[in-house]
1. When segment 115-129 is examined, which residues are found to be modelled with pLDDT under 95 and closer than 19 Å to ILE20 by Cβ?
2. If you check every pair at least six apart or on different chains, which have Cβ atoms under 9 Å apart with a residue in segment 22-42 that is within 14 Å of LEU127 (Cβ to Cβ) first and a residue that is assigned to a helix (DSSP H, G or I) and among the polar types (S, T, N, Q) second?
3. Residue by residue through segment 64-86, note down the ones that are without any contact (Cβ under 8 Å) to a residue 60 or more places away in the chain, in a loop (DSSP other than H, G, I, E, B) and either farther than 17 Å from MET44 by Cβ or not aliphatic (A, V, I, L, M) (or both).
4. Filter segment 88-105 for residues that are among the aliphatic types (A, V, I, L, M), over 9 Å from ILE67 (Cα atoms) and in contact with a Lys or Arg (Cβ under 9 Å, 6 or more places away or on another chain) and give the result.
5. Take segment 87-128 and flag every residue that is assigned to a loop (DSSP other than H, G, I, E, B) and surrounded by 14 or more Cβ atoms within 10 Å (Cβ to Cβ).
Amino acid sequence: MAEPTNDQATESVTYKPLIIVVDDDRSIVEGLEILLDGWGYEVMTALSAAALEQQLGGLTRAPNLIIADHYLPGGRTGRDVVELVRTATGQAVPAIILTGDSTPERRDEAELLGCQLLLKPVQVGPLRDAVEALSSR
């Protein structure tokens with residue numbers, strides 16, 4: 001059997017699905033990064049919307065999914081993160097908003113954005129189900 005040429009090898013390069021994670025709690029960000037990496041995803045993390053803004057210029061491809069905490073530093077929210085990424089990529093990137101706030105306003109806001117809302121503390125099973133369903137869109 002012939003060895004693949006460099007052209008063939010280059011064409012067969014596959015990328016792991018990319019997920020952006022934004023939360024102001026470092027332990028949540030690190031925990032999600034470990035989980036998602038173990039599930040076969042590439043992960044970009046930020047501890048605030050402002051920190052994410054600084055990284056967006058370095059994106060070489062649109063993410064497959066955004067996971068963002070609702071309440072972020074500087075009065076920013078998960079909605080801001082979703083809008084930032086969607087504007088920067090020009091794509092309707094699916095998103096999961098994490099929050100402990102179960103008010104109707106949070107649910108309505110997530111629905112208007114077309115995002116899934118998961119309440120904290122998030123269980124691993126439902127998180128994985130949501131990640132797999134949304135990142136494969």
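The values are calculated or read from the model by the stated rules, or taken from the named source; none is laboratory data. Quantities reported herein were computed from a predicted structural model and do not represent experimental measurements. Cβ atoms come from the backbone with ideal geometry, glycine included; neighbour counts cover every protein chain shown.
1. Correct list: LYS120, VAL122.
2. Hits for this filter: TYR41/SER135.
3. HIS70, ARG76
4. Step one: of segment 88-105, the residues among the aliphatic types (A, V, I, L, M) are 88, 92-93, 95-98.
Going one step further and asking which of them are over 9 Å from ILE67 (Cα atoms), we end up with 88, 92-93.
Within segment 88-105, ALA92, VAL93 meet the criteria.
5. Listed by number, the residues that qualify are VAL93, PRO94, ASP101, CYS115, LYS120, VAL122.
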